[in-house]
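**Student:** Below: one structure in structure tokens.
The values are calculated or read from the model by the stated rules, or taken from the named source; none is laboratory data. Predicted, not measured: the structure shown is a model, and the values here were computed from it. Quick reminder, even Gly has a Cβ in these numbers, built from the backbone with ideal geometry, and neighbours come from all protein chains shown.
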Amino acid sequence: MSSMFCFQCEQTAGGKGCTKAGVCGKSAAVSNGQDELTCALVGLARAAEKTVPTGNTDELMLEGLFTTITNVNFDKDRVDDVTRRVREEKARLGGAEDLQADRLWTGDEDVVSLRSTLLLGLRGMAAYAYHAFVLGREDKEVMAWFYKGMRAIGQEHSVEEWLDLLMEFGHVNLRCMALLDGANTGEFGHPVPTKVSLAVEKGPFIVVSGHDL
């Protein structure tokens, strides 16, 4: 019997999906907590349709999706805290029903594949948008599509409709990438090839990743 399901990265067990614990080190409890957070974000998107989302709503949508990306956050307490704040914001907007967790990864095989592609794409775009957000850059069209996309995750669509949504998402994602590029180059300048020392020296050293500038 499986205790979790996750197939959002290339490390996944047997190339099919992790069902007991993540190959990446993610526990079943964290995986299920991230699913619960995802379903709460669907509820937040539904609630936002009835009113005007605030800056706090937008930030929670981005933070929530970013939290569920591979290798970003394996702290169950932190995941639960984000879920709690998402539900508080949802209630403030007037409330709406969360998606049932058992609907995330079940159903017709083609539909599940297309729905999952959109969801995982939204998570990736959230990373771009969040990085731009902390640098003071936002795009209303991009932000609006997070709500549209997450509402779609909780709806029934035909294969053709899912494909249309994915094509539309692709255009918005390109716009989001341009937003992040402008944020990074506007803040830090344009990168140029630079000579660095390859000499082996005695440590200690600090390793810096270029993913989140």
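Matching residues to (1) more than 19 Å from ALA48 (Cα to Cα); (2) polar (S, T, N, Q); (3) over 15 Å from the mean Cα position of the chain (by Cα); (4) part of a helix (DSSP H, G or I):
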residue: VAL111; (1), (2), (3), (4): yes, no, yes, yes
residue: THR117; (1), (2), (3), (4): yes, yes, no, yes
residue: LEU120; (1), (2), (3), (4): yes, no, no, yes
residue: PHE133; (1), (2), (3), (4): yes, no, no, yes
residue: GLU138; (1), (2), (3), (4): no, no, yes, no
residue: ARG151; (1), (2), (3), (4): no, no, no, yes
residue: MET167; (1), (2), (3), (4): yes, no, yes, yes
residue: GLY182; (1), (2), (3), (4): yes, no, yes, yes
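**Student:** Here's a follow-up. Could you identify the single residue in GLY121, GLY95 that is within 24 Å of GLY25 (Cα to Cα) and in contact (Cβ under 8 Å) with a residue 24 or more places away in the chain?
**Tutor:** Answer to the check: GLY121.
**Student:** For region 140-157, how many residues are free of Cβ contacts under 8 Å to residues at least 40 places away in the same chain and more than 15 Å from ALA47 (Cα to Cα)?
**Tutor:** Count: 4.
**Student:** Which residue, of LYS50, LYS20, LYS16, is over 16 Å from the mean Cα position of the chain (by Cα) and under 30 Å from LYS140 (Cβ atoms)? Let's see the steps before the verdict.
**Tutor:** Working: LYS20 fails: under 30 Å from LYS140 (Cβ atoms); LYS16 fails: under 30 Å from LYS140 (Cβ atoms).
Exactly one residue qualifies, and that residue is LYS50.
**Student:** From the list LYS26, LYS50, LYS20, which one is at pLDDT below 95 and in contact with a Cys (Cβ under 8 Å, 6 or more places away or on another chain)?
**Tutor:** Just one listed residue meets the conditions, LYS26.
**Student:** Let me ask you something else. Quick check on region 1-57: of everything there that is farther than 14 Å from ASN71 by Cα and among the charged types (D, E, K, R), which residue is surrounded by the most Cβ atoms within 10 Å (Cβ to Cβ)?
**Tutor:** ARG46
**Student:** If the requirement is being within 21 Å of MET61 (Cα to Cα), surrounded by 10 or more Cβ atoms within 10 Å (Cβ to Cβ) and out of contact with any Phe, Trp or Tyr (no Cβ under 7 Å at 6 or more places or on another chain), which of these qualifies: LEU122, LEU166, LEU180, LEU118?
**Tutor:** Values: LEU122 fails: out of contact with any Phe, Trp or Tyr (no Cβ under 7 Å at 6 or more places or on another chain); LEU180 fails: out of contact with any Phe, Trp or Tyr (no Cβ under 7 Å at 6 or more places or on another chain); LEU118 fails: out of contact with any Phe, Trp or Tyr (no Cβ under 7 Å at 6 or more places or on another chain).
None of the others qualify; the one that does is LEU166.
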